[in-house]
Each structure stands twice: as structure tokens, then as C-alpha cells.
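In what follows, a structure is listed as C-alpha cells, so that the remarks can point back to it.
The values are calculated or read from the model by the stated rules, or taken from the named source; none is laboratory data. On a predicted model such as this, the values are computed, not experimentally measured, just so you know. Note that each Cβ is placed from the backbone with ideal geometry, even for glycine, and that neighbours are counted across all protein chains shown. What goes into the accessible areas is simple: the full protein's heavy atoms, side chains included, and nothing from ligands, DNA or RNA. Shrake-Rupley method; radii C 1.70, N 1.55, O 1.52, S 1.80 Å.
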Amino acid sequence: MSDSNATVDPAKAGKPKGGTDWWAEIKGVFWLVLAVLGFHSFIAKPFYIPSESMMPGLLVGDRLVVSKYPYGWSFVSPTFHLLPFMPGRLLGKMPERGDIVIVSPPGEKTDYIKRVIGLPGDRFEMRGGTVILNGVPVKRSVATPRMIPVDANAPCKDDQFPGRLVIGPDDKAYCELPIVRETLPNGRSFDTIELGLSRADDVAAFTIPDKHVFLMGDNRDRSADSRVSLAEGGLGGPVPWENLGGRAEFITFSLDGTATWYNPISWIQAMRGGRAGTSLHPDRED
């Protein structure tokens, strides 16, 4: 026998059973996107290497993790560079010589990746490719040439690396690059490519301004960095520390340029072996 006096909860009246609550789904996606953007802006984000300027350590096709917090946060910290220049950093800290950093050129919205060479107050100079900091030439030593396997992302074109394409004992093509090991005053050392004299090998002595850093690429003769004007695609001199977006930590994976987005199998085939997990912190000599 049914109860004709049963009451109905008004809050449940008219609510479809088994249907999709689209508003709840939209809110869920919104909060997920917000969390991802917040993580990328304030904790860490992925970064893709688009050029040869940081060879031999970093190759086109490398994917990295860049941490956002080591130097504090500034107007370039958000994932999308929408904010105008604002002076200062929240919980700001100056980078260490040798750090690999991402940086936005003054007035630009793009990200470059370079190495910190000079700090505020340093007397910086270059003569014939040798960095001179505070009157003392940075230690340089010739190392064994680096053999970079040739692939679609590292083609060893003659306009970039003239005469450097060789065939190895395994009958595979390599880019044989001349290496100079550089050691900064704090003992941190790393490999650079030295292709010979270039117009960026000489920089007249000057003092790096307060809260500015001097950045250079490891591929010294093929890097648009603090030695190169903004008009030529460089950084236009020492960069304000506010323009630093974070520190490169390690390589997550690397692709040789043969992958196609519509073929998942090609993603696996395009993986370069031995690069995942490589630390991007320079060695420290005793």
C-alpha cells in the first residue's frame, strides 16, 4: 500500500537522475587548469630547446625541467608573459655563476636559455674568446672533441659547423666539435664550443650594473646573448635580474626530430638514448 502523504525534498525536485552535471564538470576543469598554470608559474615548468646556442650540453629537441623558485618570483614568472615590467623580485636571490637560466630579453615576451657568467659589480671583459672577470682570465683548457650524432635536430649543417661533419668508426655521421673546458672563479666548470675567432669574442671592459647579470651561450660563436644587441636578436648587454624566469635543472627526454604528432610509435623511435635524467648543474672543481 503506497503512502499518499510522502513528502518530496524540494532541493531534489526536478533534478535529472543519472544525467551529467555540466556546470560541475566545467568547474572541475577550470580548477585543474588553474592548478597547472599555478604550478608552472611558481614551482616548475617544462622547457624545449629550440636552438644550438647551448651546445654541446643542450641539443635542439631536449626537454627540460625549469624550477621557478630558486631566485624568487618576478613579472616574468607567470606561464604567459602578460605582465608589464615591474621592478624587484619576491623573495629574490641572485643566481650563482654557472647556473643555466631561462631569461626574457628586455621588452620581449620570448624565453631564451643561457648561462650566468657575470654578476653585479663584476668587471667583465673578453679578449680573443677568453672571459676576464675582475682582471683575472677565466681558466680554459682544451678538451677532447665532442662527437654529436647527426640527426634531424642536429644536422651539422656547414653554415653552422663548417667542416665538422665526419663519419665515425661505426659508419654513422657525427658532428665533431672542438671543446674548451671553462672554469669560473667559484670552481664551477662546463664545456663550451670554440669554432675560432668571431666578432663576439672581444668585449671592452665594463662593470656589470647592480641587480644585473651577464649571460652567455656555451656555443660561444653561435649564441645571441649578452654580447649581442637586441636589434640583432641578442640580450643587449647585462640583463636585469627581474627578467630571469628560472633555473634549468635536468633533461627529462630528448627527441631527434623524426617524430610525427599523429604517430605515437614514432615518438618512441625518435627518443635519443642516454639523455633523460642528465643534470644541468655544472661540475664543481676542487
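General remarks:
- Of the residues making up segment 183-210, those that are of a type in the set (A, V, I, L, M, F, W, C), in a strand (DSSP E or B) and open to solvent by less than 40 Å² (accessible area, probe 1.4 Å) number 3.
- Condition broken by residue 218, with the remaining ones in (1) touching a Lys or Arg at 6+ places or on another chain (Cβ under 8 Å); (2) within 29 Å of residue 87 (Cβ to Cβ) satisfied: (2)
- Check on residue 98, touching a helix residue (DSSP H, G or I) at 6+ places or on another chain (Cβ under 8 Å) and over 30 Å from residue 269 (Cβ atoms): no
- Test: residue in segment 81-94 that is part of a loop (DSSP other than H, G, I, E, B), closer than 18 Å to residue 44 by Cβ and out of contact with any Ser or Thr (no Cβ under 9 Å at 6 or more places or on another chain): yes
- Filter result (open to solvent by less than 10 Å² (accessible area, probe 1.4 Å) and either among the aliphatic types (A, V, I, L, M) or farther than 28 Å from residue 182 by Cα (or both)) within segment 101-112: 101, 102, 103
- Selection from segment 126-153 of residues that are in contact (Cβ under 8 Å) with a residue 12 or more places away in the chain, open to solvent by 40 Å² or more (accessible area, probe 1.4 Å) and assigned to a strand (DSSP E or B): 127, 136, 139, 140, 141, 142, 144, 145, 146, 147, 149
- Positions within segment 265-275 being under 28 Å from residue 189 (Cα atoms) and either open to solvent by less than 70 Å² (accessible area, probe 1.4 Å) or hydroxyl-bearing (Ser, Thr, Tyr) (or both), in sequence order: 272, 275
- Of the residues 213, 166, 228, 180, the single one that is among the β-branched types (Val, Ile, Thr), at pLDDT 95 or above, open to solvent by less than 60 Å² (accessible area, probe 1.4 Å) and not in a strand (DSSP E or B) is 228.
- Looking only at segment 46-76, and only at residues there that are under 11 Å from the mean Cα position of the chain (by Cα) and of a type in the set (D, E, K, R), the one that is nearest to residue 87 (Cα to Cα): 63
- Residue 156 being at positive phi and surrounded by 15 or more Cβ atoms within 10 Å (Cβ to Cβ): yes
- Per this entry, residue 286 is counted among residues that are modelled with pLDDT under 95 and either in a loop (DSSP other than H, G, I, E, B) or in contact with a Pro (Cβ under 7 Å, 6 or more places away or on another chain) (or both).
- Residue match in segment 79-98 (condition: open to solvent by 20 Å² or more (accessible area, probe 1.4 Å), within 14 Å of the chain's Cα centre (by Cα) and of a type outside the set (Lys, Arg)): yes
- Looking across segment 107-120, the residues that are assigned to a loop (DSSP other than H, G, I, E, B) and under 11 Å from residue 238 (Cβ atoms) come down to 119, 120.
- Test for residue 77: is it touching a Gly at 6+ places or on another chain (Cβ under 6 Å), assigned to a loop (DSSP other than H, G, I, E, B), of a type in the set (Ser, Thr, Tyr) and touching a residue at least 24 places away in the same chain (Cβ under 8 Å): no
- Test: residue in segment 30-42 that is over 28 Å from residue 209 (Cα atoms), crowded, with 21+ Cβ neighbours inside 10 Å and touching a residue at least 12 places away in the same chain (Cβ under 8 Å): no
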